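Notes for the one structure printed next.
Derivation of every value follows stated rules applied to the coordinates shown; laboratory data play no part. Everything numeric in this text was worked out from a predicted model, so none of it was measured. Here the Cβ is made from the backbone with ideal geometry for all residues, glycine too, and neighbour counts use every protein chain on show.
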Amino acid sequence: MTALPEEQPRPISEDDRDTAVRRLQEAYAEGHVSHQELDERLHQVLTVTTHRELASALASLPEERAATTSTIGAASGRIKRRGAWRVPRRLKVESAFGRVRLDLSRAVIEHATVDIELQLGTGRAKITVPRDAIVDVEGLHIGWKDVRYKPRSGSLPTGGPTIRISGAMGYGRLKIRHAKR
């Protein structure tokens, strides 16, 4: 009988680390940990390398609240969000006929990753993302037209949110652009 190889510890990603830091900050803001404990745990979270070590740093924190999905819908007409609006972790946009315009350039984005699900029948959509955002459209299926998106030139954006766009569009074009400022 041969011994099974020991399971290799799984390294943590930057998203995992960012999520842990956010959870600690929320726990501190809600009074679950003291300032000194926050400092100690933040140091631990920023220096660990495996999920097991990360879990021990978060062990006594309250359970993370489940992310809810906000839905914006219209049968026809325009859907428009711009200015300083709070972007949820998951946003679903539904429209049978009409135009969609989402401007995230001045929006309050509190999450490292934002999932936008488009369920559009006909009409076009335009999404403006922050300058430093990373955009992923791999999960989007378009029936008739195409996606117009040109990633920012020069160095890769860093520090900004990842905007994942998924869903389905029947007849229409999606245009994505980075904010100029």
For region 75-181, which GluC sites (Glu not before Pro) are both in a DSSP coil and crowded by at most 16 other Cβ atoms within 10 Å?
GLU110
May I ask for the angle, rounded to the nearest 10°, between helix 35-47 and the longest principal axis of the chain, with both axes built from Cα atoms and the value confined to 0 to 90°?
80 degrees
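Report the calculated FRET efficiency for GLU138 and ASP39 (r = Cβ-Cβ distance, R0 = 45 Å), to the nearest 0.05.
For R0 = 45 Å, the calculated efficiency reads 0.70.
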Pull up the DSSP beta bridges for the chain and report the antiparallel fraction as a percent, rounded to 5.
0 percent
The answer for trypsin sites (Lys or Arg not before Pro) in region 19-101 that fall in a DSSP coil and have at most 12 neighbouring Cβ atoms within 10 Å is ARG65
Could you list which residues have their amide H under 5 Å from that of LYS80, counting only those 5 or more apart in sequence or on another chain, with H placed in the peptide plane?
ARG101
Angle, helix 14-29 long axis vs. longest principal axis of the chain, Cα atoms, 0 to 90°, nearest 10?
80 degrees
Lysine pairs within region 50-176, Cα separation less than 13 Å, 8 or more sequence positions apart or different chains:
4
Which of (1) 75; (2) 45; (3) 28 is the computed percent of Cα pairs over 26 Å apart for the structure on display?
(2)
